[in-house]
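J.: Quick one: the structure is below, and I'll ask about it shortly.
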Amino acid sequence: MNKTALITGATSGLGYEFAGLFAEDGYDLVLVARNKTKMEEIQNQYPNLNVTVITKDLSEPDAAKEVYEEVKAAGITIDTLVNNAGFGLMGKFEELDILKQSEMIRLNITALTELTHYFLPDLKGNTHKARILNVASTAAFQPGPLMAVYYATKAYVLSLSEALAEELAGTNVTVTTLCPGATKTNFAAIANVENTKMFSGAMSSEEVAKQGYQALMAGKRVVITGSVNKIGAYTAKFLPRSLAAKIAKYVAKEA
Ligand SMILES: NC(=O)c1ccc[n+]([C@@H]2O[C@H](COP(=O)([O-])OP(=O)(O)OC[C@H]3O[C@@H](n4cnc5c(N)ncnc54)[C@H](OP(=O)(O)O)[C@@H]3O)[C@@H](O)[C@H]2O)c1
């Protein structure tokens, strides 16, 4: 029987690439996102695999529970959970729509937390290795003026995931946090950051997903993609937070 990976946000960017990488390794897939047509296209690309499509807006209350219940009702056992769906928004905190910012918190934080909570007992119940991949960002390492809520959501994802990795040490479950820097996906257009300094050296989604996938399979706790991003993230650790915030604000400006 094939192993199964559940991937949120599989319709574009990193999630789409993850779906391809798992499929190449013979995993069955459970795809979760809002765009049903796109997920059905992916399903048609892999006629030899069981690809289950769950159309769900993960920012809705109870979405994570409903996904879990659909998976259980279908009799599917998940071996790898990929919490990838997320979005960002550029702008001053007080000027951005608060409903949109709350939606971001529900997607980037609440859905990821609840999905992990619902699936964890089943992952631990597997007789073989089970894996969780949480997609954070290099935004996790410092405050992010002009993307304040987005950066804060990713700091949460990194903190939660590192804590869980330690709680689960010695069990069959590993937790890997992927921290990409700017990556060429639909993210930049949705967040309105396409013309910023931070996006001038964006990496390809194929390369970022590949590095995340390899780290996940190796059971690594944290992976930062690209050498420039690695240096930036490590430097941020040693800078005063106020200076790190100033730098983040500078790179959020137009290139
Ligand atoms: N690209 C970057 O520069 C970058 C850098 C660091 C971290 N990241 C993180 O990487 C992850 C993947 O983003 P990406 O860059 O691949 O962006 P993307 O191309 O915009 O993909 C985002 C995915 O999330 C799904 N999604 C969005 N809102 C959703 C909702 N309410 N419910 C369910 N699914 C939803 C989208 O599918 P539907 O529209 O079909 O729902 C899409 O499949 C995100 O967590 C992002 O924060 C990205």
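J.: Check whether at least one residue in the stretch 15-31 is within 16 Å of the chain's Cα centre (by Cα), without any contact (Cβ under 8 Å) to a residue 24 or more places away in the chain and within 11 Å of the ligand (Cβ to nearest atom), and report yes or no.
T.: Taking every residue of the stretch 15-31 in turn, at least one turns out to be within 16 Å of the chain's Cα centre (by Cα), without any contact (Cβ under 8 Å) to a residue 24 or more places away in the chain and within 11 Å of the ligand (Cβ to nearest atom).
J.: Shifting gears a bit: Just checking, which of LEU112, LEU120 is aliphatic (A, V, I, L, M), closer than 19 Å to THR8 by Cβ and within 11 Å of the ligand (Cβ to nearest atom)?
T.: The unique qualifying residue is LEU112.
J.: Same structure again: If I ask for residues that are among the charged types (D, E, K, R), crowded, with 21+ Cβ neighbours inside 10 Å and part of a helix (DSSP H, G or I), which ones from the stretch 1-53 would you list?
T.: Matches in the stretch 1-53: GLU17 only.
J.: Checking the structure you have, find out if any residue of the stretch 189-204 is at pLDDT 95 or above, of a type in the set (Gly, Ala, Ser) and touching a helix residue (DSSP H, G or I) at 6+ places or on another chain (Cβ under 6 Å).
T.: Looking for residues that are at pLDDT 95 or above, of a type in the set (Gly, Ala, Ser) and touching a helix residue (DSSP H, G or I) at 6+ places or on another chain (Cβ under 6 Å), one finds none in the stretch 189-204, hence no.
J.: Is there a residue being open to solvent by less than 10 Å² (accessible area, probe 1.4 Å), in contact (Cβ under 8 Å) with a residue 60 or more places away in the chain, hydrophobic (A, V, I, L, M, F, W, C) and over 21 Å from MET104 (Cα atoms) anywhere in the stretch 203-211?
T.: yes
J.: Which residue, of LYS249, LYS154, LYS220, LYS237, is part of a loop (DSSP other than H, G, I, E, B) and either on the phi < 0 side of the Ramachandran plot or open to solvent by 20 Å² or more (accessible area, probe 1.4 Å) (or both)?
T.: Working: LYS249 fails: part of a loop (DSSP other than H, G, I, E, B); LYS154 fails: part of a loop (DSSP other than H, G, I, E, B); LYS237 fails: part of a loop (DSSP other than H, G, I, E, B).
Answer to the check: LYS220.
The values are calculated or read from the model by the stated rules, or taken from the named source; none is laboratory data. Everything numeric in this text was worked out from a predicted model, so none of it was measured. All Cβ positions, glycine included, derive from the backbone under ideal geometry; neighbour counts span all protein chains shown. In case anyone asks, the SASA skips ligands and DNA or RNA and just uses the protein heavy atoms, side chains included. Shrake-Rupley method; radii C 1.70, N 1.55, O 1.52, S 1.80 Å.
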